[in-house]
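Heads up: the structure comes next, in structure tokens.
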Amino acid sequence: AWVVGAWSFVHLPFLSSLGDLAFRANLFSAVCTALAVAGTVIAGRRLNLSRSAALLAAGVVATLPAVWSLSTVAEVYALNLLLLVAATLAFLRFRRNDSAVNGLFLGISAGLLLLHHQSNVLVLPLLATGVLRRPATGGTPAARRASLVAGFALGLAPGLWTPLRAALRPDLDWFGAG
């Protein structure tokens, strides 16, 4: 997921005059961290924290040594933080209203989270427990499950690119994958 996101970001037309590709890839990490910190404020407000408490929580996240040091290097961690915050926001939205659309968003965010980094498999049981413990209020349980599963499959779909591309026998074939 990082490669696709970073490649898309560094090739944005309005960024083409802003340094070389490496600088823009580092900038991608900084933007991901900034969005994750903003998402932390939103999550705090959705959890009924006061504005100052939500801002304090976001400030703590932003100034954690690991977050701070990894927010300006071209690595996967900033995007992982953003995807964790996005999954949290989708989960909170789904808990408030378990409509099919919200289930789809939660599934997509969970799928992207798992696709991005294998360690995120530890987050999925937390999301699943929260979803299963909530009594259904919108739609039928079957429609709710279908939207979650469809969203999860959509979130994992970008992972199909590698085997599909390798099947085309590209000129550049890493480690004989094709």
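The values are calculated or read from the model by the stated rules, or taken from the named source; none is laboratory data. Keep in mind that this is a model prediction, so the values were computed, not measured. A quick note on method: Cβ atoms are made from the backbone with ideal geometry, for glycine too, and the neighbour counts reach across all protein chains shown. Keep in mind that these areas ignore ligands, DNA and RNA; they rest on the heavy atoms of the full protein, side chains included. Shrake-Rupley method; radii C 1.70, N 1.55, O 1.52, S 1.80 Å.
Worth a mention:
- The simple spin-label model puts a point 7 Å past each Cα toward its Cβ; for residue 137 and residue 34 those points are separated by 3.6 nm.
- Estimated [θ] at 222 nm from DSSP helical runs (n ≥ 4, -39500 (n - 2.57)) normalised by residues in the chain, nearest 500: -22000 deg cm²/dmol
- Note on surface exposure: 49, 168, 81 rank 168, 49, 81 by accessible area, highest first, 1.4 Å probe.
- Taking a ≥ b ≥ c as the square roots of the eigenvalues of the alpha-carbon gyration tensor, the chain is classed oblate because a/c is 1.5 or more while a/b is no larger than b/c.
- Within segment 146-161: backbone nitrogen closer than 17 Å to the residue 46 label point (7 Å, Cα to C-beta): 148, 151-152
- In nm, spacing of pseudo-spin labels at residue 64 and residue 145 (7 Å Cα→C-beta vector): 3.5
- Efficiency of FRET from Cβ geometry, residue 118 and residue 154, R₀ 30 Å, rounded to 0.05: 0.95
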